[in-house]
Amino acid sequence: MERAAAGLAAEAATLLGERRGAVAGTRVLVLAGAGNNGGDALHAGALLAAQGARVSIVPTAPRLHVAGLAAALAAGARLFPLEEPGPALAERARKSDLILDGILGTGTSGSSALRGRAREVVAAILPVLGARVAPVVVAVDLPSGIGVDDGAVPDAAVLPARVTVTFGGCKAGLVREPAAGLAGRVIVVDIGICAELERIAARDRG
């Protein structure tokens with residue numbers, strides 16, 4: 001998780017630098033789910049907060065990754081309530097420079113469509129992305145709501161990413177339509193398993 005968060009924060013910092021000239025003083029909105037993708041986003045938020053970004057955390061589940069949340073709060077991030085109404089979420093997104101989509105990851109079983117509070121959060125933020133000046137969305141491992149293997153998009157409640165920072169290897173769903181059109185530029189961060197993935201690929205080719 002440390003490598004994933006560092007790679008994610010580095011890409012986010014690059015985008016913030018392009019947008020505002022520096023990380024310090026920018027506004028970052030972290031959409032955090034309960035799993036490891038949420039943890040990656042929270043740890044990355046902590047790293048960005050340490051560089052001077054004003055980081056806000058919007059939970060999409062009652063419980064968040066414990067260590068990630070602690071790191072983000074210790075770095076100065078602010079946690080907002082789970083029940084925050086849609087108009088307030090939209091306004092928070094509108095004021096942000098960058099959104100980290102850490103809602104769901106590769107561990108989703110069954111349909112990849114967002115449900116419950118996660119879907120409500122995305123539905124509230126989606127209209128903001130159509131504005132002339134809109135926040136940059138960075139997907140954590142994959143845009144939440146797409147099929148990791150088949151690239152399916154079973155529901156329209158998906159935040160289109162400018163960049164997807166994925167870990168260990170490129171997931172098939174990121175290069176298959178219609179999900180590929182929502183993933184933006186895909187960046188693979190090595191988290192120490194690339195050699196093993198190559199060994200498996202070589203075995204399968206043989």
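A few points about this structure:
- Take the Cα of E2, step 7 Å toward its Cβ, do the same at Q51, and the gap between the two points is 1.9 nm.
- Full extension of the chain segment joining R115 with A67 gains 14.8 nm, where the gain is 0.36 nm per residue of separation less the Cα-Cα distance.
- Amide H contacts of I57 (H built 1.01 Å from N, under 5 Å, at least 5 apart or other chain): V30, R78, L79, F80
- Mean shadow area of the chain, taken as a quarter of the surface of its Cα convex hull (nm²): 11.0 nm²
- Spin-label model, R20/D150: points 7 Å from Cα along the beta carbon direction are separated by 4.1 nm.
- Taking G168, G105, G33 as the candidate residues, the one with maximal mean-square fluctuation in a Gaussian network model of the chain, Cα springs under 10 Å, is G168.
- The calculated FRET efficiency for V133 paired with V188, based on their beta-carbon distance and R0 = 41 Å, is about 0.90.
- For the options A152, A74, A179, a Gaussian network treatment of the chain with springs between C-alpha atoms closer than 10 Å singles out A74 as fluctuating the most.
Coordinate-derived values only; no laboratory data. Given the structure is predicted, the values throughout are model-derived calculations rather than measurements. Note that each Cβ is placed from the backbone with ideal geometry, even for glycine, and that neighbours are counted across all protein chains shown.
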